[in-house]
Every structure is written in structure tokens, then in C-alpha cells.
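Scroll down for the structure; my scribbles are underneath it.
Read the figures in this text as sums done on the coordinates, not as results from a lab. Being a predicted model, the structure only gives us computed values, none of them experimental. Cβ atoms come from the backbone with ideal geometry, glycine included; neighbour counts cover every protein chain shown.
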Amino acid sequence: MQAERTPHDNMLARGLQILEFLARTTRASFGEINEALGGISRATQSRILQQLIGLGYVHRDPVSGHYAPGPRLGRLTPPVVRERRMALLNNYLPLMQELFRHYHLTVILQELDQHGHLVCIQRLCDASTAHMQAPGFVNTAPDEPWQLLKMAFCSEHSATVSDDVRQERRLEAIRQAGFYFDDGKLRPNFRRLGFPVFDGDGNYAGNLGAGGTSMDLTDEVKSEIIERVQTYYRDLGLRD
């Protein structure tokens, strides 16, 4: 006989979902957490967050209002994972901020986690451009630009690509270009531009993406962003 679920069970489940979400990212707004959970009232979410803050599992920035893993949750994350994530943010967040401020596009940073999943760990956007994945989102769609970038640049995956000649040519074209451009695949008149990101040893570590409408991400803007990213990578020695 299945035990009857109580409101406390549901609160516990939601609390664990919040902790799991924050463990996959570095910070998130109240709205981003609400979007990730889905189906939870803002009042209930607020109560759970206050309890988690009181227990030290969640920290709320008093200036920005964003939520981040608290000291007790941070201790549950392996140090090597924390260090790798912070290194990615230190290297690529300035570039993300530059692209967001200059072009007013949604800009995301994905991390290749220890399980081989692409997890969004940072998103810069405003209310009118929030059309791409929120922090904590795990991308698994095989034909998405992000997965194609992983297959093209991650040595573990590029070495085991299928015998599909057409697919291999597609991946080789991405490697040669150094980016992937998607025009309308997510939704009509919405464009996405993706670049691989690398760790300090030059290994593939995830993706940086920018997205916007065809009026915002024009061909001219696309060319400018590609040049900015390539220059940024060269200046910091992130990639030859």
C-alpha cells in the first residue's frame, strides 16, 4: 500500500529540487528558480527559500536579490567541481557581460559536468530576451547546437562519432569554423550563435551561447560577435 503524501512531503521534495537546481548553477533569481521548478506558487517557494537560508543551505545576495548555494550546500559539492566552475566563470563571464551590454542578446554559459551533461550555469538577459535556457537547465536534445558543439570539440565524443558521413562532415565544418550558427531552429525568427569554451588545459569544458531575434542578431552583429569572441580567446590564451 502506497503511503499518502502530505504537504510536508511536497515541501521537502520542492526544497530538494531547489538545492539540486542551485547545485547545478552559481546563482539564480527568484523568477529563474520558479521557472525551473514549475507548478509551485511564489508564496510556497518563498517560504522554502527562507527555511533553506536559515539552515545555511542557500545564500541570498542582499544587493542583487539572487540566490546561490550557501556554505552548507557548498560543502556537499566536490572541491574539484567548484574550482572548475569558478574558473569557467572567471574566464568567460566578462565576455558574456560584454556581449549582453553591447548587443542586448540573451547570453548563456554551459558547463560539461562530471556526468557528460551540458548544464547551464549562467544566463544574462532581460525580460524581453529571456528565450533561452535558464541556469540549471540540462541540455540533452541530440540535434541542438550545444550537443553538436560537444560532439565536435569534446575529444571523448569526437573520437566515437557514428559512421554517418554526413554528420561527420557537419561536425568537421563546426570545428573548422569554431562556432555553430542556428537560424530559426528553436523558433521562427530566432537565431542562436554558439562557441565551445575550454578549461586552462585547453580541454573542452562547455559552451557559450548568444541568442536573439533576427532583427537583433543580424548577419552584421553575428560577424561582430564572432570577431569579438575570437579576439577574446586569443588575448587570454584560452585557445590557440
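In this label model, THR218 and SER29 are separated by 2.7 nm, measuring between points 7 Å along each Cα→Cβ vector.
Between the entries [x] 14.0; [y] 16.1; [z] 33.2, the label attached to mean projected area of the Cα convex hull in nm² calculated for this structure is [y]. Summed over qualifying helices (DSSP H, 4 residues or more, each -39500 (n - 2.57)) and divided by its residue number, the chain shows a 222 nm mean residue ellipticity of -14500 deg cm²/dmol.
With +1 on the Cβ of every Lys and Arg and -1 on the Cβ of every Asp and Glu, and nothing else charged, how large is the dipole of the chain about its Cα centre, in debye rounded to the nearest 20?
Working: 27 positive and 29 negative charges, 152 e Å.
I would put it at about 720 debye.
Below 8 Å, C-alpha to C-alpha, sequence gap of six or more: please give me the relative contact order for the chain in percent. Don't skip to the answer; put the middle values down first.
Working: 337 pairs, mean separation 37.1, N = 240.
Across the chain, relative contact order equals 15 percent.
In summary, the convex hull built on the alpha carbon positions of the stretch 7-74 has an orientation-averaged projected area of 4.2 nm².
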